[in-house]
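The values are calculated or read from the model by the stated rules, or taken from the named source; none is laboratory data. For clarity, every value in this text was computed on a predicted model and none was experimentally measured. Here the Cβ positions follow ideal geometry from the backbone for every residue, glycine too, while neighbour counts run over all protein chains shown. Calculation scope for accessible area: heavy atoms of the full protein, side chains included, ligands and nucleic acids excluded. Shrake-Rupley method; radii C 1.70, N 1.55, O 1.52, S 1.80 Å.
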Amino acid sequence: MAELVIRDLGKVRKALARAARTDASTAKHVVNRFIEIRPGIEDKLAAERHHLLTGRRGTGKSTLLYVLQKNLKSEGVAVATLDMEIYKGREYPDVLIEVLIELLNKVRPGRSLKRGIPRLKIWLRVRKLKSLLRKMLRDPQTLTRSMSRGTEQASGGGFDVALKAAYKGQGAGGSFLGKRGKNESMIATGEHEELKIQRLQILAGSISRLLSDMVAASDEGYAVVFLDDYYFVPLSEQPAVLDYLHQICKGTGVWLKVGGVGSRLNTYVDGNPPVGMEVGQDVSSVAIDVTLAEFATAQTFLERVLAGILAEFDVTPSDLFTGDARSRMVLACGGAVARDYITLTESALDEAVERMTKSGKYDADAVLKIWTVDVQSAVKVLTNLKEREAFKRDAGSDASALSGRWGDICDFSRKTEDLFILVPQVQLEREPWGQEIQQLENLRLIHRIGDTTPNAKAWQGVKVTVFMIDLGQLPTVRLAKKIPEFWSSAADFNSLRRASWVYTPDWRGVPVEPISPALS
């Protein structure tokens, strides 16, 4: 059995910090130790089809996309990866124009000698189109255009002429006024407004043909475009951006892979005509979340990820954690959230050092072992970070409502003196407050465990979903109270069926009434 000693702590901290987030600077290290959360996901995403990749923050979406990008490039496939956080705050359609420019930068085939002349012509077309798009990007959202028309008249009585012209599209329109008299020419002048999105729609056909020619000239005959963290596009504008991209990519061999937090994605709006990409029709959904409902799978995945990071130190998770601490780590992360697990390990190491320092056991050769108490102390810090991240960065315009719902759930938990809530499934799916709970789940503040029915007769037949509130809400003084090992036996899971844990917004001073099983 190997052990981690204090003298190696600095190097371990660096390795953990580097592994906590996937970006261009860390991708190489992450790709080399990549582990699939579910077998076959990479192959599924590599298929020539549009995909929507969903999962909570930190579950490894960006890592998976980086790995897939590297493997596709090694096979000669043209790949464009766009980090949508870069375009955060851009108004529509400027965000779409910037995406198009970057797409053209990265998808175009290389200028090799093979098929050199066709590729050169494509490259020139790309340069011309990018120049046009950049000019459009600098333009105001609405342009006013002037028009004039003249005709010679040899004879005839004088009279005023008024011509009206209508232009298709929001905000379009114009008028033309002229005066004509005997033996005079008529000059008609006028102005009309033209929206930037109208001009972009006119270009759609040209862009689509160019993409098709670019793909045809590539080595593999198809291309892949990754839109990572797509939820940074404003929720109301996401369908429109996807609608345009789907329009120009259709039939070209360009496939879209869109990644983001499920509750912050809005890919489709039904209407006449519909806007966006409909899941199941235009795009296939791939979810990578492993929640506490699959505790063993989550623990195995997380510990394999950590083992890869610690391999150079010849230390395994079982060497680093006590048995109870290993389970507490998975509970604290709410399932297979790799980023939280890595960050929590780093913080728990700090707490273990602090504990050893206070007890006088700190020296360079001392062995580091993370206890449950270290995990619990670190979890409070992580919860505070998650709250700030969730409500200031990820929740968008829903931040106020979600913060209020989170506070109400925490108050309910303090009343029941436990970490679990039961939410009637019918209300979870249909009520606005139930949808807020689902968003809190995606923000990693509450964690899904499974479905059951409460143990009171009045609730017989009513289906509920069991959630665990983030462990940071557990007071340190109650740490000794054992959390039921719901993952290990049916008896432990059944201990979570308490009717007193049923949560609805009217819990304060009002008994919760069961919902008819027929409605649930």
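A simple spin-label model places the labels of Asn71 and Thr297 1.8 nm from each other, with each point 7 Å out along Cα-to-Cβ.
Roughly how many percent of the accessible protein surface of region 267-378 is carbon and sulfur, given a 1.4 Å probe and a whole-percent answer? Roughly 48 percent of what the probe reaches on region 267-378 is carbon or sulfur. Short-range pairs are left out: with C-alpha atoms under 8 Å and at least six residues apart, the relative contact order of region 1-104 is 19 percent. Taking trypsin sites (Lys or Arg not before Pro) across region 227-266, the ones in a DSSP loop with at most 15 further Cβ atoms lying within 10 angstrom of their Cβ are Lys250. With a cut-off of 15 Å between beta carbons, the residues surrounding Lys392 carry a summed charge of +2, where Lys and Arg count +1 and Asp and Glu -1.
Full extension from Val353 to Arg414: what is 0.36 nm times the residue separation minus their Cα-Cα distance, to one decimal in nm?
Numbers: separation 61, 0.36 × 61 = 21.96 nm, distance 3.07 nm.
Gain on stretching Val353 to Arg414: 18.9 nm.
The 3J(HN,Hα) values that the Karplus relation (6.51, -1.76, 1.60; θ = phi - 60°) gives for region 38-51 are, in residue order, 9, x, x, 5, 4, 5, 5, 5, 6, 5, 7, 7, 6, 10 Hz. Gly and Pro appear as x. Shape of region 278-323 from the C-alpha gyration tensor: oblate (a/c of 1.5 or more and a/b not above b/c, with a ≥ b ≥ c the square roots of its eigenvalues). Relative to the longest principal axis of the Cα atoms of the chain, the long axis of helix 295-310 lies at roughly 80 degrees.
Annotation for Ile101 and Lys361: the two label points, set 7 Å from Cα along the Cα-Cβ direction, are 5.9 nm apart. Rounded to the nearest 5, the antiparallel percentage of DSSP beta bridges internal to the chain is 60%.
How much length is gained if the chain between Ser236 and Arg33 is pulled fully straight, taking 0.36 nm per residue apart and subtracting their Cα-Cα distance, in nm to one decimal? Let's see the in-between values first.
Values: separation 203, 0.36 × 203 = 73.08 nm, distance 3.73 nm.
Extending this stretch completely gives an extra 69.3 nm.
Spacing of the modelled spin labels on Arg7 and Lys392, each 7 Å from Cα toward Cβ, amounts to 4.0 nm.
Please compute the length gained on full extension between Glu429 and Leu120, using 0.36 nm multiplied by the number of residues separating them and subtracting their Cα-Cα distance. Don't skip to the answer; put the middle values down first.
Working: separation 309, 0.36 × 309 = 111.24 nm, distance 5.39 nm.
That works out to 105.9 nm of additional length.
Taking a 21 Å limit on the Cα-Cα distance, which of the listed pairs Lys392/Lys415; Lys61/Lys257; Lys88/Lys196; Lys61/Lys386; Lys11/Lys358; Lys196/Lys257 fall beyond it?
On the way: Lys392/Lys415 27 Å; Lys61/Lys257 11 Å; Lys88/Lys196 19 Å; Lys61/Lys386 18 Å; Lys11/Lys358 23 Å; Lys196/Lys257 26 Å.
Distance filter (> 21 Å) returns Lys392/Lys415; Lys11/Lys358; Lys196/Lys257.
Our summary gives the chain a relative contact order of 17 percent, counting only alpha carbon pairs under 8 angstrom and 6 or more residues apart. Once you keep just the Cα pairs under 8 angstrom separated by 6 or more residues, what percentage relative contact order results for region 328-443? It rounds to 20 percent for region 328-443. Only aspartates and glutamates eight or more places from Lys70 in sequence, or on another chain, were considered; those with a Cα closer than 12 Å are Glu42.
Give the residues of region 195-227 whose amide nitrogen is closer than 18 Å to a point set 7 Å from the Cα of Leu143 in the direction of its Cβ. Of the residues in region 195-227, 195-207 have backbone N under 18 Å from the label point off Leu143. Relative to the longest principal axis of the Cα atoms of the chain, helix 323-333 runs at roughly 30 degrees.
Relative to the dominant Cα principal axis of the chain, helix 94-107 is inclined by about 80°.
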